[in-house]
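Where a number appears in this text, it was derived from the coordinates with a stated rule and is not lab data. Remember, it's a predicted structure, so these values are computed and weren't measured experimentally. Using ideal geometry, Cβ is built from the backbone for each residue, glycine included, and neighbour counts are taken over all protein chains shown.
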Amino acid sequence: MINIYLASPFFSDEQIDRVQRVEQALDRNKTVDTYFSPRKADPQDLEVGSLPWRDFIFKNDIKHLDEATMVVAVVDYIDDHVDSGTAYEIGYAHAHKKPLIIIQEKGPKLNLMISESLTYYLNNIDELADYDFNNLKSNIFIGDVF
């Protein structure tokens, strides 16, 4: 069973559009059984930023990371800085030996810690709809790292 954790920033309209397109690609992918997108898991009954909200978000994200068979992560940079939450989730996935699919639409460079931990790299979200998650292929990042 393919259970994906979708790591992505969703703080701006551009980022929300990007993660929605990834969700749509995963919805179309016949090899994906289920996926968790933290963007959709915000509890409506808790005040954003409150201690109970923070506790819920952290524990829920970790629970879903632990349950995932692999992680799909969107890496979009502001200058050379990836979203810190997404970076944490990428590192967590690597530390727990989960395959890591990286999507990078923006920017020609990639942080070397991400480039060396990924299983598959792509820069076109539409490719995700046809990726065979049952037979993981490798596609290393070729390009400038920092």
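Numbers at a glance
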{"read-out": "Alpha-carbon centroids, region 14-89 and region 96-146: separation in whole Å", "value": "17"}
{"read-out": "Computed E for residue 13/residue 124 - FRET, C-beta separation, R0 25 angstrom, nearest 0.05", "value": "0.75"}
{"read-out": "Around residue 137: net Lys/Arg minus Asp/Glu count, Cβ-Cβ under 15 Å", "value": "-3"}
{"read-out": "Value of [θ]222 nm, deg cm²/dmol, for the chain, DSSP H segments ≥ 4, -39500 (n - 2.57) each, nearest 500", "value": "-10500 deg cm²/dmol"}
{"read-out": "Spacing of the two label points (7 Å from each Cα toward its C-beta) at residue 139 and residue 59, in nm", "value": "3.9"}
{"read-out": "Degrees between helix 84-95 axis and first principal axis of the chain (Cα, 0 to 90, nearest 10)", "value": "60"}
{"read-out": "Length gained when the stretch residue 69-residue 34 is fully extended (0.36 nm per residue, less Cα-Cα span)", "value": "11.6 nm"}
{"read-out": "Residue of 44, 24, 15 that the Gaussian network model of the chain assigns the largest fluctuation, springs spanning Cα pairs under 10 Å", "value": "44"}
{"read-out": "For the chain, built as a Gaussian network whose Cα springs stay under 10 Å, the top-fluctuating residue of 112, 65, 128", "value": "112"}
{"read-out": "Net charge over other residues, Cβ less than 15 angstrom from the Cβ of residue 33 (K, R count +1; D, E count -1)", "value": "-2"}
{"read-out": "Rounded to 5, percent antiparallel among DSSP beta bridges of the chain", "value": "5"}
{"read-out": "Positive dipole terminus of region 3-145, leading residue within 82, 143, 69 (C-beta point charges)", "value": "69"}
{"read-out": "Angle between the chain longest axis and helix 13-28 axis [Cα atoms, degrees, rounded to 10]", "value": "70"}
{"read-out": "Cα-Cα over 26 Å, subset of 63/109; 109/137; 40/137; 59/137", "value": "63/109; 40/137; 59/137"}
{"read-out": "Extension reserve of the residue 24-residue 96 stretch, reckoned as 0.36 nm per residue once the Cα distance is removed", "value": "23.3 nm"}
{"read-out": "Degrees between helix 51-67 axis and first principal axis of the chain (Cα, 0 to 90, nearest 10)", "value": "40"}
{"read-out": "Candidate values (i) 43, 36, 29; (ii) 42, 32, 30; (iii) 39, 33, 27, label of the one derived for Cα extents along the principal axes in Å", "value": "(i)"}
